[in-house]
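Down below is the structure, laid out as structure tokens.
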Amino acid sequence: MKAGLRLFFTILSFLPLASVFSQTAPSSIVAVRATEQITIDGNLSEAIWQRAGYMEFKQRDPNQGEAPSEKTEVWVAYDNEGLYVAAKMYDNAPDSIMTRLGRRDNFITSDYFTIFLDPYHDKRSGFYFSVSAAGVQYDGILENDDWDNSSWDGVWESKTQIDNQGWTVEIRIPFSQLRFHQLEKYVWGVNFKRDIGRKNERDYVVYTPRNESGYVSRFVDLVGIDNVVPPRQLEILPYATTRAEYTHPTPGNPFNSGSKYLPGLGADLKLGLSSNLTLNATVNPDFGQVEVDPAVVNLSDVETFFQEKRPFFIEGAGLFNNFGFGGANNFWGFNWGSPDLFYSRRIGRAPQGSLPSADFVDSPTGTRILGAGKITGKVGDNINIGMIQAITSREFAEYQDGTHRDKLEIEPLTYYGVFRGQKEFNEGRQALGFMSTYATRNFSDNRLRDELNADAVSAGIDGWTFLDSDKMWVVTGWGAFTRVSGNPTKILALQQSSQHYYQRPDVSHVHIDSAATSLSGYAGRFYLNKQKGNFKVNAAFGFINPGFDANDLGFQWRTDMINSHIAFSYRWTEPTDYYRQINLNTAVFRVWDFSYNLTGAGYYHSGYMQFPNYYSVNWAYVYNPAVKNSRRTRGGPLTVNSPGREYNLYINSDDRKTVVFSIGSNLYDADWDKEFSLNSQIEWKPSSNISFQISPNFQRSQTLSQWINVFDDATAKGTFGKRYVFGELDQKTFSASIRLNWTFTPQLSLQLYVQPLISSGSYVNFKELAQPKTYDFNVYGKNNSTISKTSDGYIVDPDGNGPATTLSFSNPNFNFTSLRGNAVLRWEYRPGSTLYLVWTQSRSDYENDGQFDFSRSMDRLVDAKADNILMLKFTYWWSM
């Protein structure tokens, strides 16, 4: 590690300290007050559009800095209610304009016109509004000077027309959809972009050169807007839903006849508390997901992370999700899983309380959200704030065992609160922020006190500072503290859970406290980034204390980690006859636990090359030396990992073509673990409004030590009175994602999604760990031990006639098949108002058979009984 640091600082001494590229940009663009009514029809017939427009664009791609291949002319106007933008995209071949139809916010290769706005003029944040030549809208927010986020959906108007000179667009953006300080005269940031799909050309007023960073900070001033009062925004979105479920319950189930009908009413509200602050509230929210989560087979001790898909939580999530991620534009992490203090899917999750063993159980799949509110915006001198408050209901499950029927609480009434603030200084060159979360539960059934935390709080600070005037070097960091409380039974279970493993017998930095009523911990991460120039640097140091636990309202993968890396990157960005761009990366990383056992290490190389025909290839290689493994025994002693090598290679085709493909493979090869995967994606675009995509994948994983279970046995003195049992696993998995997007008009679309999954695992050669800090095992059936198969598992005598306790475990072989899919018909019948018709189907089958037989598995999948859900949702948007 010391040698790596010496190399790092040696290289620093030879680096240039200023940007080597500059571009000339206009000082300002003028918006003109409209004196006539502007009709949004794509026909630039109004007198205000007849004056000379703005035409000073430059290529960013493919030939950076050159004049555009086609002219573009733009006009900006405004009245008391909104901003108007008109653009004329001249084209020498108007019959070749790409007019592909797609779903809103789903960018596809086409022709586009985009306006970017920075109404606060803070040179770091803003909005974008984009329209394709086919009339499809795309919008979102701009963050951290370089990033964009499509989760925000505004209500605005646009129309396009194609003629023999090219195509035109008219856009009206109501001021109610923007946030800005009230002034007599306004100066905003603005930029325009034109995409010419068939040429892969992108033309801007100002752009970020390929070897630099910073986008919003480069915007041109938009001047001329005055005597405009930011409107006090009030939007109400009432909705009605009806849901029909057709399932196949167990015969005799008193709670489910096979069909359920669930009507619902609710409303969302958006209120402008001021010109800078917005309140979002929801009453009896409908949080049914339009797209289903993928099926997974998880054999690890780490929870699966699923993306948020509920609109209330997605919109404006950037402020909460960017904790620790600001200033820099690159956050590499090698064997580092950054914890999230806020993971919105905790709100409304499936009830967590235990269920009794009974013949029939009726349990809700999610916790009902009684109400939720969110405030976001800016206050004072450029201070970003946000808060979320939510209350979820007390949930009960009914059960029947024989003739006895009863009801049991499985989730208490719970409050969730999230608070976020961030202050930027010196035009975004420095920032300091904080974030805190709080969850508290009101128990009416004391049984749940043994199963759930009573309270959980987290608090953290984050920030960044640029080290030079050119914003080439930046330091970014964060630190956080967590504390959860509960009764001793719950906190004891938490200490022994897969997040913490306090029971590990051969480390000195953790120990069990059976009387504890709380658990506390800390974590942090610091980055140094060089993010301009062809040569870039990324270094980081992070730590997660064993007691850190953000899972009540956040998400974390692991604790007990000290992690560091240093990475270098070099880019060739000027096209030649042989390539358009090349990027090469190399890195060294290390991971320790808090007893300074080396638990992870590697030497990494990756690269990317795009060819003149827009095909590309990317590759990677990683070498992992031998290290300790603190998780294989799941709370037991350390073992070791053998050296391993990982290779991957992917080839991608030109996405302008009718058929687009990507194919690649991953290979991991170590003495005791091997993994191979083949991944592909093919997209066929038979017409301008239809795309069909299929992504089949196959993976085979082989390990000599897959976890089975742990058994107490005082005679197992070499492994601290426990027997840690493993098996050799050969797992094969086939999965695919199949999508059909059929867009009839910019407002009407049909999406079909299907995900089949077949996964089998075959176990042989069951064994137990022989000695800590080794990879030595005692194989059952050898050296006087015996193992016998029963109808549903195995019985093991570890030492034959010796004193060891006999142990047993069930047959771990599995063959799981699943099919999940849905169809979504979406019609935006007026701006902001939508009708959804959704059909979801799921079916699955399971066997204790570890053989992978594709044909038989598909037959089983076809024969499996399907659960079907039909949902109709009607929303109507009012703005006042």
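Working ranking of peptides 539-547, 646-654 by packing, defined as the average number of other Cβ atoms within 10 Å per residue, highest first, is 539-547, 646-654.
Rounded, prolate or oblate: which one fits the stretch 425-521, using the alpha carbon gyration tensor with axes a ≥ b ≥ c (rounded when a/c is under 1.5, else prolate when a/b beats b/c, else oblate)? Kindly include the intermediate steps, with their values, before the conclusion.
Values: a/c = 5.11, a/b = 2.04, b/c = 2.50.
Here the stretch 425-521 falls in the oblate category.
Average accessible surface for the chain: 43 Å² per residue, computed with a 1.4 Å probe over protein heavy atoms with every protein chain in place. For the peptides 757-764, 493-500, residues were scored by their other Cβ atoms within 10 Å and the scores averaged per peptide; the highest-first order is 757-764, 493-500.
If the stretch 365-459 were replaced by its equivalent ellipsoid, with semi-axes equal to the square roots of 5 times the Cα gyration tensor eigenvalues, what would those be, largest first, whole Å? Intermediate values should be presented prior to the final figure.
Details: eigenvalues 340, 34, 13 Å².
Taking √(5λ) for each Cα gyration eigenvalue gives 41, 13, 8 Å.
Charges were assigned to the Cβ only: +1 to each Lys and Arg, -1 to each Asp and Glu. The resulting dipole of the chain about its Cα centre is roughly 960 debye. Between the alpha-carbon centers of the stretch 416-437 and the stretch 785-817, tell me the distance in whole angstrom. One Cα centre to the other: 55 Å. What does the C-alpha gyration tensor say about the overall shape of the stretch 169-240? Classify as rounded when a/c is under 1.5, otherwise prolate if a/b is larger than b/c, or oblate. Judged from the Cα gyration tensor, the stretch 169-240 comes out oblate (a/c at least 1.5, b/c at or above a/b).
Of all aspartates and glutamates in the structure, those lying under 15 Å Cα to Cα from residue 270, and not within fewer than 8 positions of it along the same chain, are 153, 235, 315. Phi angles of the stretch 41-48 translate, via the Karplus equation with coefficients 6.51, -1.76, 1.60 and θ = phi - 60°, into HN-Hα couplings of 9, x, 9, 7, 9, 5, 4, 5 Hz per residue; Gly and Pro are given as x.
Distances between placed amide hydrogens fall under 5 Å for residue 166 paired with 91, all partners being 5 or more residues away or on another chain. A viscosity of 1.306 mPa s and a temperature of 10 °C, combined with the Kirkwood radius over C-alpha pairs in the Stokes-Einstein formula, give the stretch 654-813 a diffusion coefficient of 81 µm²/s. Cα centroids of the stretch 493-534 and the stretch 674-693: 40 Å apart. Distance between the C-alpha centres of the stretch 155-175 and the stretch 349-377: 45 Å, rounded to the whole angstrom. Length, then width, then depth: along the principal axes, the Cα atoms of the stretch 95-146 run 41, 19, 16 Å. Compactness check for the chain: Cα Rg over 2.2 N^0.38 Å is 1.02. Across the chain, the mean sequence separation of Cα contacts (distance under 8 Å, 6 or more residues apart), normalised by length, yields a relative contact order of 8 percent.
Computing the accessible area with a 1.4 Å probe over protein heavy atoms, can you report the carbon and sulfur percentage for the chain? Could the numbers behind the result be given before it?
Numbers: 20500 of 38080 Å².
Carbon and sulfur together cover 54 percent of it.
Note on the stretch 225-361: along the principal axes its Cα atoms extend 71, 46, 24 Å, ordered by decreasing extent.
Per-residue counts of other Cβ atoms within 10 Å, averaged by peptide: what ranking do you get for 61-73, 125-137, highest first?
Numbers: 61-73: 16.1, 125-137: 23.4.
Output ranking for 61-73, 125-137: 125-137, 61-73.
Just check the stretch 409-471 against the gyration tensor rule for me: Cα atoms, a ≥ b ≥ c as the square roots of the eigenvalues, rounded for a/c under 1.5, and otherwise prolate or oblate depending on whether a/b exceeds b/c. It comes out prolate by the Cα gyration axes. Backbone geometry of the stretch 823-834 corresponds, through the Karplus equation with coefficients 6.51, -1.76 and 1.60 at θ = phi - 60°, to 3J(HN,Hα) couplings of 10, 10, 9, 10, 10, 8, 6, 7, x, x, 10, 9 Hz, x marking Gly and Pro. For the stretch 546-631, the set of trypsin sites (Lys or Arg not before Pro) satisfying both a DSSP loop assignment and a count of at most 15 other C-beta atoms within 10 Å is empty. Based on C-alpha pairs under 8 angstrom that are at least 6 apart in sequence, the stretch 280-438 has a relative contact order of 21 percent.
Rounded to the nearest 500, the 222 nm mean residue ellipticity of the chain from helices alone is -1000 deg cm²/dmol, with -39,500 (n - 2.57) taken per DSSP H run of at least 4 residues.
The values are calculated or read from the model by the stated rules, or taken from the named source; none is laboratory data. This is a predicted model, so every value here is computed, not measured. Because the Cβ atoms are built from the backbone with ideal geometry, glycine has one as well, and the counts that use them run over all protein chains shown. The protein model used for the area step is the full one, side chains on, heavy atoms only, and it has no ligands, DNA or RNA in it. Shrake-Rupley method; radii C 1.70, N 1.55, O 1.52, S 1.80 Å.
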